[in-house]
Amino acid sequence: MSNVLERLQESVNTQVALFPKTKTCQAIDSGRFTVGDYHRYLLMIFQQTYQGPSTFALAGANLGVHRPELRDYLIRHAEEERNHWEWVISDLR
């Protein structure tokens, strides 16, 4: 199991290191990121912001009694994220 976790951690670390080199980050850093780019990004993430909280809550509810700390975290996180889709809609107007 630790080998799997080590590979996962290595993969995450690699992606975090590469993140600043993405086209979006480079456009932001160079001042070339436009309102149109931002709107396309918002359209891309809308579904996640709309459906994500339900997914978190369902996952938490299905954990049962074996992982109460994780269950509670997912349910709290669902509540925290519940209205973020409204931010997306607001910024698209």
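Roughly how many percent of the accessible protein surface of the chain is carbon and sulfur, given a 1.4 Å probe and a whole-percent answer? Intermediate results must be reported in sequence, preceding the final value.
Details: 4480 of 7540 Å².
Answer for the chain is 59 percent, counting heavy atoms of protein chains only.
Which shape class, rounded, prolate or oblate, goes with the chain when its Cα gyration tensor gives a ≥ b ≥ c as root eigenvalues, a/c under 1.5 marks rounded, and past that a/b bigger than b/c marks prolate?
Values: a/c = 3.75, a/b = 1.28, b/c = 2.93.
It comes out oblate by the Cα gyration axes.
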HN-Hα couplings for the stretch 70-87 via Karplus (6.51, -1.76, 1.60; θ = phi - 60°), in whole Hz with x for Gly/Pro, come out as 6, 4, 5, 4, 4, 5, 4, 5, 4, 5, 4, 8, 3, 9, 5, 4, 5, 5
Report the extension gain between ASN3 and GLU86 in nm, rounded to one decimal, defined as 0.36 nm multiplied by the number of residues separating them, less their alpha carbon distance.
25.8 nm
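The values are calculated or read from the model by the stated rules, or taken from the named source; none is laboratory data. The structure presented is a predicted model; accordingly, all values stated were derived computationally and were not measured. What goes into the accessible areas is simple: the full protein's heavy atoms, side chains included, and nothing from ligands, DNA or RNA. Shrake-Rupley method; radii C 1.70, N 1.55, O 1.52, S 1.80 Å.
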